[in-house]
Amino acid sequence: MTSHSSAAALARAVPRSKLTKLATLLFLGTVAAQASAQTIPGPANCSALVGLQVQFGTVVAAERFAKGATIQGAGGLFGGDGTTTVLANFCRVKLQLKPTTSSLINVEAWLPETWNGKMFGYGGGGLSGGLGQSAALMNASANNGYASATSDLGHTTSTSAQWAQNQPERIIDWGHRANHVMAVAAKQLMNAFY
């Protein structure tokens, strides 16, 4: 007997209202099982990201910040003199990406514990990346449920372009590649965290 004929025999033997109830119970049971299997992001999930391998790099640091906490040095990735008062619980993650042997792209991502399923990517202007300019925007984004990411575009912020002298790969990083690999890594990070 095929499964199709088994289903037809069951449909003839069991009244329609009971089949509807049975199907509803099976559906609700499946939904409940899936919902209970999902983990809610928190401190353990955040710190567990350290060492995670993403395309072209690795998570080098991850720290949970609670609403109301103060982040010192939030003016830029891996330093800065600004302070930020946290608006929502989130995981602050630092990554280093090396798409080429002469590249070193520092990325920071903020992953709110209450996520709306969307992401913002932030950058800077001129020769700079988004570091030192994005903390306030990333904080507001986390407060609204957005994950966010920014990078240094592969070089330390500077008013000159000395970092680019005889460095064609770093020019490519600054021109477009850093934004792309940042977005790819941030998406992989979100898949691991949420």
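Taken together, the values in this text are just the output of simple stated rules run on the coordinates, not laboratory data. Note that this is a predicted model, so its numbers are computed, not measured. Positions of Cβ are backbone-derived with ideal geometry, glycine not excepted, and every protein chain shown enters the neighbour counts.
So here's what we get for this one:
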quantity	calculated
Label-point separation, Asn191 to Leu127 (7 Å along Cα→Cβ), nm	3.7 nm
Cα-based convex hull, region 123-185, per residue volume (Å³, whole number)	71 Å³
Other-chain or far-sequence residues with amide H under 5 Å of Gly82's (modelled H)	Gly73, Ala74, Gly75, Gly76
Mean Cβ count within 10 Å, highest first, over the residues of peptides 59-66, 44-51, 143-150, 158-165	143-150, 59-66, 44-51, 158-165
Rounded D (µm²/s) - region 48-184, Kirkwood Rh over Cα pairs, Stokes-Einstein at 25 °C, 0.890 mPa s	164 µm²/s
Nearest-0.05 FRET efficiency for Thr156 and Thr70, computed from C-beta distance (R0 25 Å)	0.50
